[in-house]
1. Please give the residues of the range 57-89, grouped as numeric ranges, whose backbone N is less than 14 Å from a label point set 7 Å along the Cα-to-Cβ vector of GLN44.
2. Quick one: if the Förster radius is 25 Å, what FRET efficiency do ASN52 and ARG19 give, using the C-beta to C-beta distance and rounding to 0.05?
3. Computing the accessible area with a 1.4 Å probe over protein heavy atoms, can you report the carbon and sulfur percentage for the chain?
4. Once you've got the GNM for the chain with C-alpha springs shorter than 10 Å, pick whichever of PRO99, PRO87, PRO33 has the biggest mean-square fluctuation.
5. Tell me, what does the Kirkwood hydrodynamic radius of the chain come to in angstroms if you use every pair of distinct C-alpha atoms?
6. Simple spin-label model, 7 Å along Cα-to-Cβ: VAL101 to ALA74 in nm?
7. Taking the alpha-carbon distance from LYS86 and a cut-off under 15 Å, which aspartates and glutamates remain once sequence neighbours fewer than 8 residues away in the same chain are dropped?
8. Taking only protein heavy atoms and a 1.4 Å probe, what accessible area per residue, in Å², does the chain have with all protein chains in place?
Amino acid sequence: QVQLVESGGGLVQAGGSLRLSCAASGIIFGRVPMDWVRQAPGKQREWVARINSDGRTDYRESVKGRFTISRDNAKRTVYLQMNNLKPEDTAVYFCNSVPRVGDYWGQGTQVTVSS
């Protein structure tokens, strides 16, 4: 049974930093790409970043140069280091595997950036 537990969110001023973590179980973690996805109030979820099983990464344009995705396969954990945060980064952040396991999503972690 898949389980994804996100943590590390919080309230930060614009320009600040946060590091999100996502602990995964129930999937063959080391073999699958992992995504970070976010959902702002009143908006649809949007993809933020991906890390492939070989470590290659990709980012949505608006976070390039500010966010860094990484993974520790031994700990079955994926991270998102977020620097120079902006108010428009405010959202609930989720991780998930690629492909998704059915309709499962974890509880997410709230990131709020004040101006």
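The values are calculated or read from the model by the stated rules, or taken from the named source; none is laboratory data. Nothing here was measured: the structure is a model prediction, and the numbers come from that model. When we count neighbours, we look across all protein chains shown, and the Cβ atoms used for this are built from the backbone with ideal geometry, even at glycine. The protein model used for the area step is the full one, side chains on, heavy atoms only, and it has no ligands, DNA or RNA in it. Shrake-Rupley method; radii C 1.70, N 1.55, O 1.52, S 1.80 Å.
1. none
2. Numbers: r = 20 Å, r/R0 = 0.82.
That pair, ASN52 with ARG19, gives E of 0.75.
3. Values: 2860 of 6050 Å².
Carbon plus sulfur share of accessible area: 47 percent.
4. Greatest mean-square fluctuation among the candidates belongs to PRO99.
5. Here the Kirkwood hydrodynamic radius works out to 14.0 Å.
6. 2.3 nm
7. Excluding near neighbours in sequence, the set is GLU61.
8. Accessible area per residue: 53 Å².
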